[in-house]
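Visitor: Questions regarding the structure given below will be posed in turn.
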Amino acid sequence: MVGIIHYGAGNIFSVLTTVERYGEKVTIISKPGLLKKVDRIILPGVGSFDPGMKFLIDTGLYEEIKDEIKKGKMFLGICLGMQMLFESSEEGKQKGLECIEGKVQRFPNQHGLPVPHMGWNSVNITGNSEIFNNIPDGSFFYFAHSFYPVVKNKKMVIGQTEYGIKFASCVQKDNIIGVQFHPEKSGKYGLLFIQNYLKL
């Protein structure tokens, strides 16, 4: 069973329908206690850093997420859900989940590119992971974000994208995977990405 965390702003419906199409049972989680009963966890992303983190802390999901990750349960963070895995973000003052060392920064207002970064962009595969099985290097995925992660340990960066600057668009640390793009909105290769995650 897959647990999708709902913190009031996540893109729940698209992620839920994408997972269900592969025959997986899904439960929506907005309070502690249920994470222990699922096989893998998805933290979707739409919204702002501080409200999302405050919800996790206030409900007790913050510690429970960290505990389940420590047990080795597969975890996927999408967009804001990826950013919440880091220590902090320029978008707010709340601490992150602190599962991956690094911080989240806002795109600089330069290079003549609008912020937020919206639309399709390519992902260059920079690491060896089964999450990219049968996905060609340079495949396009859908992005919608104004902030990006700066990863302390560059070996955890397995996908990179360029938007004025090169940034980590996919990271992996053991059983934790984070993606800045939205696989549930990314067509053929986005669906394959989710399918690969469900097989890990």
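Rule-based calculations on the coordinates, nothing more; no lab input. All values reported here derive from a predicted model rather than from experimental measurement. When we count neighbours, we look across all protein chains shown, and the Cβ atoms used for this are built from the backbone with ideal geometry, even at glycine.
Visitor: Would you mind checking the pairs Lys103/Lys155; Lys25/Lys199; Lys95/Lys166 and listing those with alpha carbons more than 21 angstrom apart? Working shown, then result.
Guide: Details: Lys103/Lys155 16 Å; Lys25/Lys199 14 Å; Lys95/Lys166 25 Å.
Over 21 Å apart, Cα to Cα: Lys95/Lys166.
Visitor: Now a separate question. Can you list the aspartates and glutamates whose alpha carbon is less than 13 Å from that of Lys36, not counting same-chain residues fewer than 8 positions off?
Guide: Correct list for Lys36: Glu63, Glu64, Asp67, Glu68.
Visitor: A further question on this structure: For Lys154 and His111, FRET efficiency with R0 = 25 Å and r from the beta-carbon atoms, rounded to 0.05? Let's see the in-between values first.
Guide: Numbers: r = 22 Å, r/R0 = 0.88.
Calculated value: 0.70.
Visitor: Taking amide H positions as placed 1.01 Å from N in the peptide plane, with prolines and chain starts having none, which residues 5 or more places from Ser89, or on another chain, fall under 5 Å of its amide H?
Guide: It is Val104, by chain and number.
Visitor: Would you list which aspartates and glutamates come within 15 Å of Lys154, measuring only between C-alpha atoms, while excluding same-chain residues fewer than 8 positions from it?
Guide: Within the straight-line limit of under 15 Å, Lys154 reaches these aspartates and glutamates: Glu101, Asp174.
Visitor: Here's a follow-up. Taking only the alpha carbons of region 66-106, what extent do you get along each of the three principal axes, in Å, biggest first?
Guide: 31, 17, 14
Visitor: Using the count of nearby Cβ atoms within 10 Å as a rough guide to exposure, how do Thr59, Thr18 rank from fewest to most?
Guide: Thr59, Thr18
Visitor: So how far apart, in nm, are the two label points at Tyr22 and Ile57 if each is 7 Å from Cα heading toward Cβ?
Guide: 3.3
Visitor: Same structure, new question: Binned at 5 Å from 0, what are the whole-percent values of the Cα-Cα distance distribution for region 15-57, short to long?
Guide: P(r) for region 15-57, in whole percents per bin: 5, 18, 26, 23, 19, 8, 2.
Visitor: Compute the signed sum of charges (Lys and Arg +1, Asp and Glu -1) over the other residues within less than 13 Å, Cβ to Cβ, of Gly47. Spell out each step's value before the answer.
Guide: Numbers: positive: Lys54; negative: Asp50, Glu91.
Result for the local shell: -1.
Visitor: Grab the other residues whose beta carbon is less than 14 angstrom from that of Tyr62, score K and R as +1, D and E as -1, and report the net.
Guide: On the way: positive: Lys31, Lys54, Lys66, Lys70, Lys95; negative: Asp50, Asp58, Glu63, Glu64, Asp67, Glu68, Glu87, Glu98.
Every neighbour counted, the sum reads -3.
Visitor: Now, a different point. I'd like the projected area of region 2-199, averaged over all directions, using the convex hull of its alpha carbons. Report it in nm² with one decimal. Please list the in-between numbers first.
Guide: Working: hull surface 39.2 nm².
That works out to 9.8 nm², a quarter of the Cα hull's surface.
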